[in-house]
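The values are calculated or read from the model by the stated rules, or taken from the named source; none is laboratory data. Note that the structure is a prediction, hence the values are computed from the model and not measured. A quick note on method: Cβ atoms are made from the backbone with ideal geometry, for glycine too, and the neighbour counts reach across all protein chains shown.
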Amino acid sequence: MTAVTGEAVRTRARMIERLRGQGIRDENVLGAMEAIPRHHFVDAGLIYGAYDDSALPIGFQQTISQPFTVARMIEILHAGRELGKTLEIGAGCGYQAAVLSQVAVEVYAVERLRALLDRARENLRTLRLHNVRLKCADGTLGLPEAAPFDTIIVAAAGMSVPPALKEQLAPGGKLLIPLGGQEQRLRLIERQGSTFKESWCDTVRFVPLLTGIE
Ligand code: SAH
């Protein structure tokens, strides 16, 4: 075991204990967080902070999400049911897609920045995660060709819920999206037949949900 790998395994174990202390209870989610090496997704210079509870820069003015937020969002969506076919909007460097791959049947992850998507593709390829499909697309439109989804998770903050995302939810499906500008909160939307039940969850901090691809 190299020094970096040994240190990474120890700090990852500490991250799991910290997540427990922060109230994450779902063992499937904790197992998924433990299985995915977060240091694999950050620049070499940031490796020793990879398991801190903070968002880190991944270039292109974007960030890899804070571990607690990733765990909390997946826990909310996993409560009382399986994730099934899952759409992630805002793949970034691919970290959350990798965690989702451990608990979902299949993961479709879209990212609007081509250069970041290439990095995500490389990160996921070296980890040999074969149930994740990546696409460069504007996630505010969902992913019509693969809809409907049992789960939709949005990793960037919108001002309102894009209608396409509600339309692409399967019956019984759940959508979780941060809403707001400076102050943001998670909005949970559950599809029950043709009606939607909506509720507010935790306060969060995400980069903005933009439109178009670059
Ligand atoms: N999920 C990432 C965090 C990504 S940060 C992780 O695991 O760490 C949010 C990402 O959302 C950024 O990469 C940004 O480019 C992307 N994004 C913003 N608006 C988008 C849109 N409309 N469609 C797809 N991706 C979008």
Original post:
Could we say that T126 is under 21 Å from Y95 (Cα atoms), among the β-branched types (V, I, T) and surrounded by fewer than 19 Cβ atoms within 10 Å (Cβ to Cβ) here?
Top reply: yes
Original post:
Within the range 122-161, how many residues are near the ligand (Cβ under 10 Å from one of its atoms), closer than 15 Å to L186 by Cα and of a type in the set (V, I, T)?
Top reply: 2
Subject >> Single match in P163, P208 (criterion: surrounded by fewer than 14 Cβ atoms within 10 Å (Cβ to Cβ) and within 16 Å of the chain's Cα centre (by Cα)) >> reply: P208
Subject >> Residues of the range 27-42 that turn out to be hydrophobic (A, V, I, L, M, F, W, C), part of a helix (DSSP H, G or I) and either within 16 Å of the ligand (Cβ to nearest atom) or without any contact (Cβ under 8 Å) to a residue 24 or more places away in the chain (or both), as a count >> reply: 5
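Matching residues to (1) outside any loop (DSSP other than H, G, I, E, B); (2) charged (D, E, K, R); (3) modelled with pLDDT of 95 or more; (4) loosely packed, with under 15 Cβ neighbours inside 10 Å:
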| position | (1), (2), (3), (4) |
| --- | --- |
| G6 | yes, no, no, yes |
| T11 | yes, no, no, no |
| R25 | no, yes, yes, yes |
| G80 | no, no, no, yes |
| T86 | yes, no, yes, no |
| A115 | yes, no, yes, yes |
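The rows are residues; the columns are (1) more than 10 Å from the ligand (Cβ to nearest atom); (2) farther than 30 Å from E214 by Cα; (3) free of Cβ contacts under 8 Å to residues at least 12 places away in the same chain.
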{"site": "G45", "(1), (2), (3)": "yes, no, yes"}
{"site": "I58", "(1), (2), (3)": "no, no, no"}
{"site": "I64", "(1), (2), (3)": "no, no, no"}
{"site": "K85", "(1), (2), (3)": "yes, no, no"}
{"site": "C93", "(1), (2), (3)": "no, no, no"}
**OP:** Please find, within the range 95-109, the residue that is farthest from the ligand (Cβ to nearest atom) out of those that are buried (at least 24 other Cβ atoms within 10 Å of the Cβ) and aliphatic (A, V, I, L, M).
**Re:** A104
